[in-house]
Amino acid sequence: MRFPNALVPLLGFAAPSGTGKTTLLKQLIPLLKAHGLRVGLIKHSHHAFEIDHPGKDSHTLRMAGASPVMLSASHRRAIITEHPEPQEPRLDGELAYFDQAGLDLILVEGFKWEAFPKIELHRPALGQPPLFPHDGHIIAVATDAEPHPKPTVPCLDINDPGQILRFILEDFLGHRHP
């Protein structure tokens, strides 16, 4: 198995920045939840980010050298771990830290170079080449126009979250609905 730390199905959404991955996911997640699925999400970022800020105790203690730092409250927790050396994260490594208890599905935004099932989002008008001809792990293409070359995997309407939902439920997860 390529991802020994994956305890539930992983489904990626791969596309260049600006294609609409987050926009589609924020529509799909409530639909998946309405069908009773418990959904987690891992998002790859190409940018450094801060979730705590100067002046906050957690930031002060992290800057003093504590790693990891956990912020915990009644509604949520966040764990901040510094990498000893800056490095591109690997999906399976991140899954080792991801609490998968109680999840039915993990959606992944990014990590498009990794070998796991993905739906490619493709907008030909953006002028970016499609990924599907070179990535055998793309299981569907969601697009707003006919891509060239024509995909050998299912082609979905990027503007129809219901159609993408049905693909995920039926084709990817194998759920059959009347």
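Read-outs: derived from the displayed coordinates by stated rules, not from any lab. If you're wondering where the values come from, they're calculated on a predicted model, not measured in any experiment. Here the Cβ positions follow ideal geometry from the backbone for every residue, glycine too, while neighbour counts run over all protein chains shown.
For this structure, a couple of remarks:
- Restricting attention to region 137-178 and to residues that are part of a loop (DSSP other than H, G, I, E, B) and within 15 Å of residue 24 (Cβ to Cβ), the residue that is farthest from the chain's Cα centre (by Cα) turns out to be 144.
- Residues in region 42-60 that are surrounded by 14 or more Cβ atoms within 10 Å (Cβ to Cβ) and either assigned to a helix (DSSP H, G or I) or among the hydrophobic types (A, V, I, L, M, F, W, C) (or both): 42, 58, 59.
- Complete set of residues in region 8-31 that are surrounded by 14 or more Cβ atoms within 10 Å (Cβ to Cβ) and over 15 Å from residue 143 (Cα atoms): 8, 9, 10, 11, 12, 27, 28, 29, 31
- Filter result (small (Gly, Ala, Ser) and farther than 13 Å from residue 14 by Cα) within region 137-162: 145, 162
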